[in-house]
1. Kindly indicate the residue of region 23-65 that is more than 19 Å from I127 (Cβ to Cβ) and in a helix (DSSP H, G or I) and also least open to solvent (accessible area, probe 1.4 Å) among those meeting that condition.
2. Can you work out which of the residues in region 203-216 that are in a helix (DSSP H, G or I) and within 17 Å of N180 (Cα to Cα) is most open to solvent (accessible area, probe 1.4 Å)?
3. Quickly run through region 282-301 and pick out the residues that are under 19 Å from L253 (Cα atoms) and open to solvent by 60 Å² or more (accessible area, probe 1.4 Å).
4. Please specify each residue of region 67-81 satisfying the condition of being over 11 Å from A35 (Cβ atoms) and assigned to a loop (DSSP other than H, G, I, E, B).
5. Can you report the number of residues in region 304-320 which are touching a helix residue (DSSP H, G or I) at 6+ places or on another chain (Cβ under 6 Å) and either under 11 Å from V278 (Cα atoms) or among the polar types (S, T, N, Q) (or both)?
6. For region 276-289, check the following and say yes or no: at least one residue is acidic (D, E) and touching a Ser or Thr at 6+ places or on another chain (Cβ under 6 Å).
7. What number of residues within region 69-86 satisfy the criterion of being among the polar types (S, T, N, Q) and loosely packed, with under 15 Cβ neighbours inside 10 Å?
8. I'd like to know if region 283-304 contains one or more residues that are in contact with a Lys or Arg (Cβ under 6 Å, 6 or more places away or on another chain), farther than 19 Å from F208 by Cα and not aromatic (F, W, Y).
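The values are calculated or read from the model by the stated rules, or taken from the named source; none is laboratory data. Keep in mind that this is a model prediction, so the values were computed, not measured. For neighbour counting, all protein chains shown are included, and Cβ atoms are generated from backbone atoms with ideal geometry for every residue, glycine included. Surface accessibility is based on the protein's heavy atoms, side chains included, excluding ligands, DNA and RNA. Shrake-Rupley method; radii C 1.70, N 1.55, O 1.52, S 1.80 Å.
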Amino acid sequence: MNEFITYIIEVLTKHLGYTLMELESDSEGIASPWALLKEGQEGDLRGVVFCRESYSVSDDNWVKYNFSKNTNSSFVKITRIYLIDGEIAVRKTMDEANSNLLNGGNYIAVDLQSNTIPFYTEYEEEILQTISYYLNRGNIVQDEEKEKEEKPIITYILIGLNVIMYLITAFLSGNIIDSNTGVLVFLGAKVNTLIDKGQYYRLITAAFLHGGLIHIGFNMYALNALGPLVERVFGKVKYLIIYFVAAITSSYLSYIFSTSISVGASGAIFGLLGASLVFAVKSEDKVGRTFINNIMSVIVVNLIIGFSMANVDNFGHIGGLIGGFVMSLILYKHV
């Protein structure tokens with residue numbers, strides 16, 4: 001039996017209350033000798049039959065005879081499911097269905113070549129939904145498999161690099177809780193006087209160093225929360241570009257406006273907030289206004305917290321936010 005027919009029969013009998021009946025004789029216009037029958041909510045009888053594109057008046061009369069004989073009822077509301085293949089067959093079936101042949105019944109055309117439903121009349125919604133799910137389940141499975149396969153690898157790598165650098169820092173500091181300032185400077189913290197001497201690499205390396213266990217814990221939690229979204233929306237390469245541009249602009253704004261030694265991934269993470277805001281605004285029709293408001297709230301709350309606490313590089317946060325937002329505007333491609 002055709003896989004499609006088997007699936008529809010299984011769903012309708014197991015979950016939607018239909019019973020299976022066998023049509024007594026063969027007919028060229030019938031795709032399966034198995035039909036389905038159900039008592040409707042108002043006590044009426046509803047039947048389902050699978051048809052080929054060659055379904056004719058004689059087939060229709062034969063099907064009605066079988067239903068009436070098996071139900072002892074002269075009236076069964078029949079839904080005919082056409083199994084057709086290709087555009088020419090679709091047009092032919094539409095012409096036949098629009099004739100007087102099928103007056104008084106429902107029909108759904110299923111094109112198994114393109115996995116579409118080209119047309120239908122008044123229908124049983126549960127049947128149409130069952131057919132639609134079958135036709136789309138290949139895409140659903142592929143999407144689920146693709147989602148499983150597409151892990152946020154770049155986010156995991158970035159978290160891994162930060163954790164490795166913190167372990168090195170802790171080892172050299174002799175303290176897992178707090179990092180030694182001298183060690184941070186040695187490993188590449190943002191130090192204005194050293195940048196003035198040409199050590200520009202510190203604009204990047206500072207983003208992979210952290211001042212303590214709590215510092216890296218909060219930052220990696222935020223990176224793990226935001227990173228997968230930006231990585232999925234922008235793709236891995238653009239995600240890396242956004243992250244590193246935000247890290248550099250964060251360090252650079254801090255270099256201009258603050259003389260303090262600075263470390264941390266928070267500037268780059270603010271850049272991811274900027275990227276999330278760009279995505280939310282550009283895709284408002286899909287994600288809704290609430291998502292935009294939530295992103296804005298997170299940005300504002302984090303900036304307020306930063307300004308209310310000591311030893312927080314707010315210029316770095318703002319620089320990262322600006323860098324991530326601008327770069328995301330440049331790289332964004334609507335999908």
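1. Checking each candidate, the answer is D59.
2. That would be I214.
3. V300
4. N72, S73, S74, F75
5. Adding up the residues that qualify gives 1.
6. no
7. Qualifying residue count for the region: 3.
8. no
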